[in-house]
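Below is one structure, written out as structure tokens; the observations come after it.
A short reminder: the numbers here are calculations on the coordinates, not readings from a lab. Since this is a predicted model, take the numbers as computed values, not measurements. Methodologically, a virtual Cβ is constructed for each residue, glycine included, from the backbone with ideal geometry; neighbour enumeration extends over all protein chains shown.
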Amino acid sequence: MGIESSAHTLGVGIVHSGKVLANEKAMFRITDKGLIPSRVADFHSKNVGKVIRSALKSAGLKMSDIDAIGYTRGPGLGPCLRVGELVARSIHELLGIPLFAVNHAVAHIEITRTLSKVRDPLALYVSGGNSQIIGAIEDGFRHYHVYGETFDIGAGNMIDNFARAAKMKPAWGSTVAKVAEGGKYIQLPYTVKGMDFTFTGLLTHATKLLATNDLKDVAYSLQETAFAMLCEATERALLLTKKKDLLLCGGVAQSRRLQAMLKSMTRAHGIGFHVAPDQYNADNGAMIAIVAEEMLNSDVKQSSSDFGIDQRYRIDSVRLPWL
Ligand code: FE2
């Protein structure tokens, strides 16, 4: 069983041999005030019992059937992470089953890697708070290396901020995508430095243009520019690493436009392209359960210093003995 609670989603997943048996969630509704960590943590504590029960029900299992428990150690919002940690630690102690502290970014990659059955892909991980190009390397130990990343905000937050500035409801990526349909391109700041990129210049410029331009054209241009930046940096990383597969994951991976752009770029190089169904790209408990199971099967031993929470838990420090 895996518990995800790093941001607005409280997810509980159950897996067996890499197969998802349950993936249930409750989502805190983001208001105009954005995400207030203590209020989201309250929401998670109120809902965690209910979501665990519905995961067990949809898997047709009892709590005593669970043989290991994983939770998100980070990165994420402290008070929210703490709820998942506390619940997982209690289950671990009450049932006497192994406990695993899981890195959220590793989990996003691992669920898509498992479902797509690819061994050693390059991953483009794009969510609200993160935008990173990641691949496994061996230097002393096997771990994920970040080849490129945003220097400021994640692509998801950039798009959500734009949606809020444009007073869209709900203020998130799928609304921007809908509004952008049939728009015309306006030149916007495009900032890629090697395999890194920045989004705030693009956001500021696009927000200013809202006063004098058609919303449809600005939304279209913002989306095209941001995704083209991600494509260029990813293409460079693919050519450098010579990886044969690209995997797209994270909340923004649900964007059909981003999927199409990456698909056409990878096709031109004869590289495989993989993306999971939407429910596994949004934050979810199954991805935490997948990694907990990989850790269990590869005999990872974690001690009390590995538990707790870490709001800035970097992906590079995680050992991957199963890869
Ligand atoms: Fe996430």
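Descriptive notes on the structure:
- At full extension, residue 89 and residue 178 could sit 27.8 nm farther apart than now, given 0.36 nm per residue minus the alpha carbon distance.
- Interchain or long-range residues, amide H under 5 Å from residue 152's placed H: 199
- Cα-based reach from residue 301 at 25 Å (exclusive), listing lysines while leaving out same-chain residues under 8 positions away: 19
- Helix 215-241 and the long axis of the chain differ in direction by around 60°, with both axes built from C-alpha atoms.
- Charged side chains reduced to their Cβ positions (Lys and Arg at +1, Asp and Glu at -1) give the stretch 219-323 a dipole of some 420 debye around its Cα centre.
- Where only alpha carbons of the stretch 114-278 are counted, the Rg and the Dmax (Å): 15.9, 55
- 3J(HN,Hα) couplings calculated from phi for the stretch 71-83 with the Karplus curve 6.51 cos²θ - 1.76 cosθ + 1.60 (θ = phi - 60°) are, in sequence order, 8, 7, 7, x, x, x, 8, x, x, 6, 4, 4, 4 Hz; Gly and Pro show x.
- Antiparallel %, DSSP beta bridges [both residues in the chain], to 5: 60 percent
- Note on residue 216: aspartates and glutamates with a C-alpha under 16 Å away, same-chain residues under 8 apart excluded, are 160, 181, 224.
- Computed from the alpha carbon positions, the gyration tensor of the stretch 215-323 leads to an equivalent ellipsoid with semi-axes of 31, 18, 14 Å, biggest first.
- Placing a label point 7 Å from the Cα of residue 214 along the Cα-to-Cβ direction, the residues of the stretch 154-182 with a backbone N closer than 18 Å are 176-182.
- Considering only Cα atoms, the convex hull volume of the chain works out to 125 Å³ per residue.
- Between helix 285-297 and the chain there is an angle of about 50 degrees, using the helix long axis and the longest principal axis of the Cα atoms.
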